[in-house]
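Have a look at the structure below, then the notes.
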Amino acid sequence: MPPGTVAMVLAAAVAHAVWNLASKYKRGDALLFVCAYTYASALLCVPIRLVFMANGQQVLNWQLAAGAAVSAVLHTAYSLTLQAGYDRAELGVVYPVARGTGPMLAMLFAILLLDEQVTAAAMFGASLVVAGMLVVTGNPFRSASRRPLQGLLWGAATGRRSPPTRSGMATRSSRCTWRP
């Protein structure tokens, strides 16, 4: 992998970790916080967009604009739900469960509604995701503490935003006409 690519991946990982910590320990209005980082990230992307447009690599048409608008609404709802979860439960539970729930729901959607055939390797991978969520939450049903269960519920509410294509399964279905 080229060093520039490695540097970008590492920078993205650090930025994501910093964002999660800031998200957890922010003070004040969640809507203001979500708007601030959304606008900041949009401003960072404008120069990249201008370069693509100047080179003719990407032309903005109504489909891209509509897709961006729908994505913005879904991501804002996700961010606000995640913030609500962080305010009410532990970051170490909410975030991993949110990340694990989306792909699991996408897999279930693909199996139940799109008649996808699941391989043994995919089932093994899904089992690892579930096991990881159980390790993070501990026993969410024990009566001594409701915090892990709250984190599990907030994480699941956040994870629901993932489209079926996140798992890569639904895109192979002959009945799925949406293209990423």
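General observations
- For L43, the solvent-accessible surface computed with a 1.4 Å probe is close to 120 Å², ligands and nucleic acids excluded.
- Using a probe of 1.4 Å on the protein chains alone, the accessible area found for Y37 is around 40 Å².
- Ordered from largest to smallest accessible area (heavy atoms of protein chains, 1.4 Å probe), the residues R99, R27, R88 come out as R27, R88, R99.
- Accessible-area value, M53, 1.4 Å probe, nucleic acids and ligands omitted, Å²: 90 Å²
- Here Q57 and M8 are evaluated by their C-beta separation; at R0 = 25 Å the FRET efficiency comes out at 0.90.
- Solvent-accessible surface of protein heavy atoms, probed at 1.4 angstrom with all chains present, puts T81, T5 in the order T5, T81, largest first.
- Sites V46 and L21, calculated FRET efficiency, Cβ-Cβ separation with R0 25 Å, nearest 0.05: 0.45
- Accessible surface, 1.4 Å probe, highest first, among residues C45, C35: C45, C35
The values are calculated or read from the model by the stated rules, or taken from the named source; none is laboratory data. Computed from a predicted structure; not experimentally measured. When we count neighbours, we look across all protein chains shown, and the Cβ atoms used for this are built from the backbone with ideal geometry, even at glycine. Areas reflect the complete protein model, heavy atoms only, side chains present, ligands, DNA and RNA absent. Shrake-Rupley method; radii C 1.70, N 1.55, O 1.52, S 1.80 Å.
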